[in-house]
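Beneath this line is the structure, given in structure tokens, with notes to follow.
The values are calculated or read from the model by the stated rules, or taken from the named source; none is laboratory data. Keep in mind that what you see is a predicted model, and the values were worked out from it rather than measured. Reconstructed Cβ throughout: ideal geometry from the backbone, glycine too, with neighbour counts over all protein chains shown. Each accessible area value is taken on the protein alone, full model and side chains, heavy atoms only, with ligands, DNA and RNA left out. Shrake-Rupley method; radii C 1.70, N 1.55, O 1.52, S 1.80 Å.
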Amino acid sequence: MKSLLRLASVSAVIIGLVLSVGWLRPWPLAATTEMVVAPVLVAGPLRHLPAASAGRVWELYVQPGSVVKRGQLLAKVAVPLRSAAQQQLEAQLRQALQRQGQLPAARSGNDSVVIRQANQQVAAIRQRLSAMPRQLTFVYVQAPANGTVVRLPVNTGSYIADSTTVISLGVAPPLTEGVAQN
């Protein structure tokens, strides 16, 4: 009875971890919409603002046509934060998978024992890695200059790869205050 309860509680923890980080995985969107403002006239060059890391678009603070100032917060992206222990386990897993791939096909009894041990090692590392708590951090996209949001090629909740354009910004020309024009 105790082992059944232990198995149920471990299963519940694992399912909870999987469900809590499941939103970080890319999923196909049935219909992807892209917000574009039809006639936004921009006097300066167009700048495409990329995400610094892969993750999920957590919040968008602007919409097409929004006038923004330099340094203004435009978007928030949730990215997984890997601890040093997780990074070490991932390195061990890569090494174990590489060793496993170099093993010859089982021909004798000794070969099958080595292959079984390699498979068990990979499974044990994967289990330890999946049992580790998942953490998130946020990366922010800020306006590098004054301008107008021309395009939002992503939506809130979208999974984005590293360096994906999050916002296209039409940069405003520098102001010439106090300069008389003829």
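Structural remarks
- Zone residues, segment 75-97, relative to ARG126, backbone N less than 20 Å from point 7 Å out along Cα-to-Cβ: 86-97
- Surrounding net charge for VAL171, when Lys and Arg each add one and Asp and Glu each subtract one, Cβ distance under 15 Å: +4
- Amide H partners (placed H, <5 Å) of ILE167, local residues excluded: LEU49
- Charge tally for ASN146 (other residues, Cβ to Cβ under 11 Å; Lys, Arg +1; Asp, Glu -1): +2.
- Ordered from highest to lowest accessible area with the whole protein assembly present and a 1.4 Å probe, TYR61, TYR140 read as TYR140, TYR61.
- Accessible surface of segment 54-108, 1.4 Å probe, proportion on carbon and sulfur as whole %: 50
- In order along segment 119-136, phi translates into HN-Hα couplings of 5, 5, 5, 4, 4, 5, 5, 4, 5, 4, 5, 6, 7, 6, x, 9, 10, 10 Hz, rounded to whole numbers, per the Karplus curve 6.51 cos²θ - 1.76 cosθ + 1.60 with θ = phi - 60° and x for Gly and Pro.
- Computed from the C-beta positions of LEU136 and HIS48 and an R0 of 30 Å, the FRET efficiency is 0.75 to the nearest 0.05.
- Judged by the mean number of other Cβ atoms found within 10 Å, the most tightly packed of the peptides 88-99, 142-153 leads the ranking 142-153, 88-99.
- Extending 7 Å from the Cα toward the beta-carbon at both ALA84 and GLN100 defines two label points whose distance is 2.7 nm.
- Amide H to amide H, with H built 1.01 Å from N, SER158 comes under 5 Å of VAL57, counting only residues 5 or more places away or on other chains.
- A straight chain from GLN63 to GLN117 at 0.36 nm per residue would run longer than the Cα-Cα distance by 13.9 nm.
- Amide hydrogen neighbours beyond the local backbone of ALA54, cut-off 5 Å, H modeled: ASP162
- Converting phi to 3J(HN,Hα) with the Karplus coefficients 6.51, -1.76 and 1.60 and the offset θ = phi - 60°, segment 78-93 yields 8, 10, x, 10, 9, 6, 4, 5, 5, 5, 5, 5, 5, 5, 4, 5 Hz in sequence order, with x at every glycine or proline.
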